[in-house]
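This report refers to the structure that appears directly beneath it.
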Ligand SMILES: Nc1ncnc2c1ncn2[C@@H]1O[C@H](COP(=O)(O)OP(=O)(O)OP(=O)(O)O)[C@@H](O)[C@H]1O
Ligand SMILES: [Mg+2]
């Protein structure tokens, strides 16, 4: 992936004019989730999805959340993004309670959420255009810089449906990055890609992160992916989700794929697998009938 | 970067695709023409069967219908008559009045139902009770209610398209993926932005589906209403009355001329809607 070029990065001052400063001042937010619970449904048919969950996403770190399918990972993302409110407990962003969505937290959704009636370019400039904080030539230059960076320079005027799965994911990265959020939240962004493009996307994404270490929360159900990317690995229990274990992943950066076969990585994997397996077995033993299977398949 | 800057002027749909489309359309055109020619030949043969094989061989059904050549002769007969063309104008005017009124009122109404819960709670139940009533069941009531025949035809026509358009707009707007709205919200969209940049364009496909179906219903209703109300006295007959008149006059050929005229008129209208749909929804051309 030569898309990540070491080209000089453009910074924008108050007038929206590029300035000569070397780098974005990338905000590095802290997210604290304190004793959060969330349920869906009515009183008499309560579906407890998250119970007493405590997590801290440290500034400048890549925190990866793994958990069994359907355990409530996307629900947690919705709470942090501010799309939904917790029943009890609180979600704090740099010490302030999250009350709704804002551009300081950008979400890359589980399936593509590019707007189908906008071209790649229109999708990318959507946010700045709405707010009017980046305009005209400066906006165009910045959008094109990001699109070239994610390797979509040739696909600027294609509609999402004309892009491959991997390209859609990269377009979405560009759309999030142009808003210069203080934290990126990615909900299983590479699910559904074939193994090859998935590997490439992971490496690409890692380069992007290591460039400026913007606070990042990354949700996945794939253990190799989790260990490859993470500074901090949060393992969730089965539904209702709470934190089972937090593992610090002390692999050196910049990372490459070969590290996954190192003894340290293997040890992390073994430890994580053991917990995940335990959780999966609990689910299996408790009430695994075909109805559950159908349910989780539907909610997939 | 220079490439990117230049290609931004190019149209969203690349050239290659357009050529391919043209080629494909020609192919379809060829098949379409062949199909119509074969259909006409079979029809001609079917209705002239008895002339070829003798009286005993009159085919049931088709044997009683005039052959296309006779219809063509009858058509040539009415073509120079202004009355025939006035029928077209009258029917078109009615269809357009009802259809446009239904679009103008139906689209905002459907969108309001979709985005506002209070509005939906209040207006959806009565709407759902009125919706199953077929447009033609409204005819007697509207003949009594409206002062002129013309107005009652317009009203019934309007109803025919209105319900279909509203239900399509409502369905389309309600099924817009919540992630588009959430993504826009995160990027700082106001309520108006959400409406104009997500909900409205997201509903366009359903609006056009509703329009296409509504247009079909409008033609049905106009023609039936023209026949029922007898047309002639007020405001002129229309194609429905043209057929009715031909029936009264016993001209089988002219009845068929009237029917085919309606077919052509309907085709022109749905083509126009399709074309507009392509124009307003370039991203849908790619399917
Ligand atoms: N809006 C909602 N209304 C009712 N129930 C919901 C809603 N969203 C999620 N749930 C329920 O919460 C549970 C967790 O869903 P969630 O999507 O958060 O899981 P997940 O861990 O992201 O799963 P996956 O790995 O499949 O993406 C599921 O049982 C689901 O049925
Ligand atoms: Mg999920």
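Points worth noting:
- Across region B:27-55, the number of residues qualifying as without any contact (Cβ under 8 Å) to a residue 12 or more places away in the chain and assigned to a loop (DSSP other than H, G, I, E, B) comes to 1.
- Some residue of region A:117-131 being within 14 Å of chain B (Cβ to nearest Cβ) and on the phi > 0 side of the Ramachandran plot: no
- Odd one out for residue B:81 among (1) closer than 21 Å to residue B:257 by Cα; (2) at pLDDT 90 or above; (3) exposed (fewer than 11 other Cβ atoms within 10 Å of the Cβ): (2)
- Here A:190, A:205 are screened, and the one residue that is in contact (Cβ under 8 Å) with a residue 24 or more places away in the chain, farther than 20 Å from residue A:102 by Cα, in contact with a helix residue (DSSP H, G or I) (Cβ under 6 Å, 6 or more places away or on another chain) and not in a strand (DSSP E or B) is A:190.
- Restricting A:36, A:64, A:98, A:55 to residues that are more than 14 Å from chain B (Cβ to nearest Cβ) and either free of Cβ contacts under 8 Å to residues at least 24 places away in the same chain or within 15 Å of ligand 2 (Cβ to nearest atom) (or both) narrows the list to A:64.
- Scanning region A:177-187 for residues that are part of a loop (DSSP other than H, G, I, E, B) and in contact with a helix residue (DSSP H, G or I) (Cβ under 6 Å, 6 or more places away or on another chain) returns A:178, A:179.
- Condition met for residue A:158 (over 14 Å from the mean Cα position of the chain (by Cα), without any contact (Cβ under 8 Å) to a residue 60 or more places away in the chain and more than 16 Å from ligand 1 (Cβ to nearest atom)): yes
- Of the strands (runs of 3 or more DSSP E) lying entirely inside region A:21-139, those containing at least 3 residues that are surrounded by 19 or more Cβ atoms within 10 Å (Cβ to Cβ) and within 16 Å of ligand 1 (Cβ to nearest atom) are A:31-40, A:47-57, A:62-66.
- Whichever residue in region A:145-176 is within 10 Å of chain B (Cβ to nearest Cβ) and outside any helix (DSSP H, G or I) and, among such residues, is farthest from residue B:284 (Cα to Cα): A:152
- From the options A:212, A:179, residue that is within 14 Å of another protein chain (Cβ to nearest Cβ), farther than 18 Å from residue A:68 by Cβ and at pLDDT below 95: A:179
- Hey, residue B:227 at pLDDT below 95 and away from chain A (no Cβ under 14 Å) or not: yes
- Candidate set from region A:182-199 (those that are within 16 Å of ligand 2 (Cβ to nearest atom) and farther than 18 Å from residue A:216 by Cα); member that is farthest from the other protein chains (Cβ to nearest Cβ): A:193
- Of all positions in region B:173-193, none carries a residue that is on the phi < 0 side of the Ramachandran plot, within 16 Å of the chain's Cα centre (by Cα) and more than 14 Å from every other protein chain (Cβ to nearest Cβ).
- For residue A:217, the conditions (1) touching a helix residue (DSSP H, G or I) at 6+ places or on another chain (Cβ under 6 Å); (2) closer than 19 Å to residue A:68 by Cβ; (3) within 16 Å of ligand 1 (Cβ to nearest atom) all hold with the exception of (1).
The values are calculated or read from the model by the stated rules, or taken from the named source; none is laboratory data. These numbers come from a predicted model, not from an experiment. Note that each Cβ is placed from the backbone with ideal geometry, even for glycine, and that neighbours are counted across all protein chains shown.
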